[in-house]
Amino acid sequence: MRILFVGDVVGRPGRDAVAALLPALRRELRIDLAIVNGENAAGGAGLTTQIAHELRAAGADVVTTGNHVWDQRAFVHEIDALDFVLRPLNLPANNPGRGWLIAKGALVVNAIGRTFMAPADDPFRAMDELLATDVPPVRILDWHAEATSEKLAMGWHLDGRATAVVGSHTHVPTADARVLPNGTALVCDAGMVGPRDSVLGIRADTIVERFRTGLPKRFEVADGPVVFGSVLIDADDATGKARSIERVDRMFGA
């Protein structure tokens, strides 16, 4: 199985890049399963039903989220109707939505870290409990976390039990993609699909001013050329072991 994981999509520029690039990448790379993190797709903060369907129409089999999943308040009442959208597995049990699903014969999971993040249940225990059930051999985790140490720790914790642990959230692609000794592909962050000339997809002047003054500023998604950050995982269907992981980076609108 060939799996493409697409990093955090930021606002309209990111959505336009996904619509323009993902269909061709699916053909070019012979993708069996495409996972897209959409938690920043609605104006840089959150997701809506309309945008989730837009990402799916562009070629996303699964749309994952993260700490901004409820930023668009109506989405709390909409997510249950979207059987291809995930919220973090280890959010409190009373949260709507689902933390995992089976797509194209593979288990896709979304979990959120706890270091430098809002409180959440233990993601390590949540993954242990899920993987102890009857799930397919190919298992992909969107590991939405801040600290690289926590991201690496999850990769080693799941080595041999997950096909891939792919980091999201920080929007900055990392150069550490590799397959661990027992067959789990790991990368700390896939990057983002968002404006290149920005701070994590947001207008740079806004973020610079916020750091300089300490005063709140309204975030606006930047414009200009868009980076498309993703990783390609090749996996053995029978064993779930990853054969390889490699970065797939593109530009849109340059």
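The values are calculated or read from the model by the stated rules, or taken from the named source; none is laboratory data. Only a predicted model underlies this, so the values are computations on that prediction, with no experimental measurement involved. Every residue, glycine as well, gets a Cβ built from its backbone with ideal geometry; the counts of neighbours run over all protein chains shown.
Taking region 24-83 on its own, how many of its residues are outside any loop (DSSP other than H, G, I, E, B), polar (S, T, N, Q) and surrounded by fewer than 21 Cβ atoms within 10 Å (Cβ to Cβ)? Give the steps one after another, and end with the answer.
Within region 24-83, the subset outside any loop (DSSP other than H, G, I, E, B) is 24-28, 33-37, 40, 49-58, 62-64, 75-81.
If we keep only those that are polar (S, T, N, Q) too, we end up with 37, 40, 49-50, 64.
Then keep just the ones that are surrounded by fewer than 21 Cβ atoms within 10 Å (Cβ to Cβ); that gives 49-50.
Number of matching residues: 2.
Considering 118, 126, which residue is without any contact (Cβ under 8 Å) to a residue 60 or more places away in the chain, among the hydrophobic types (A, V, I, L, M, F, W, C) and surrounded by fewer than 19 Cβ atoms within 10 Å (Cβ to Cβ)? Steps first, answer last, please.
Details: 126 fails: surrounded by fewer than 19 Cβ atoms within 10 Å (Cβ to Cβ).
Of 118, 126, the one residue that is without any contact (Cβ under 8 Å) to a residue 60 or more places away in the chain, among the hydrophobic types (A, V, I, L, M, F, W, C) and surrounded by fewer than 19 Cβ atoms within 10 Å (Cβ to Cβ) is 118.
Annotation note: Cβ proximity below 8 Å between a residue of region 215-231 that is free of Cβ contacts under 8 Å to residues at least 24 places away in the same chain and a residue that is surrounded by fewer than 18 Cβ atoms within 10 Å (Cβ to Cβ) and of a type outside the set (Ser, Thr, Tyr) (sequence gap 6+ or interchain) occurs for 215/209; 216/210; 217/207; 217/209; 217/210.
Taking region 141-181 only, how many residues are in a loop (DSSP other than H, G, I, E, B) and β-branched (Val, Ile, Thr)?
Filtering region 141-181 for residues in a loop (DSSP other than H, G, I, E, B) gives 145-147, 158, 160-161, 163, 169-177, 180-181.
Narrowing further to those that are β-branched (Val, Ile, Thr): 163, 170, 172, 174.
Of the residues in that region, 4 qualify.
Among residues belonging to region 49-90 that are within 13 Å of the chain's Cα centre (by Cα) and small (Gly, Ala, Ser), point out the one that is farthest from residue 116 (Cα to Cα). It comes out as 60. The set of residues in region 1-21 being farther than 19 Å from residue 203 by Cα and in contact with a helix residue (DSSP H, G or I) (Cβ under 8 Å, 6 or more places away or on another chain) consists of 4, 6, 18, 19. Scoring residue 93 on the criteria (1) of a type in the set (Gly, Ala, Ser); (2) outside any helix (DSSP H, G or I); (3) surrounded by 15 or more Cβ atoms within 10 Å (Cβ to Cβ) leaves a single failure, condition (3). The set of residues in region 130-155 being among the β-branched types (Val, Ile, Thr) and either within 21 Å of residue 61 (Cα to Cα) or at pLDDT below 95 (or both) consists of 135, 138, 140. Among the residues making up region 93-129, those that are over 17 Å from residue 64 (Cα atoms) and not small (Gly, Ala, Ser) are 94, 114, 115, 116, 117, 119, 121, 122, 124, 125, 128, 129.
Out of region 183-213, which residues are without any contact (Cβ under 8 Å) to a residue 40 or more places away in the chain, surrounded by fewer than 20 Cβ atoms within 10 Å (Cβ to Cβ) and part of a loop (DSSP other than H, G, I, E, B)? Matches in region 183-213: 197 only. Taken over region 214-240, the residue count meeting the criterion of being surrounded by fewer than 19 Cβ atoms within 10 Å (Cβ to Cβ), at pLDDT 95 or above and of a type outside the set (Asp, Glu) is 4.
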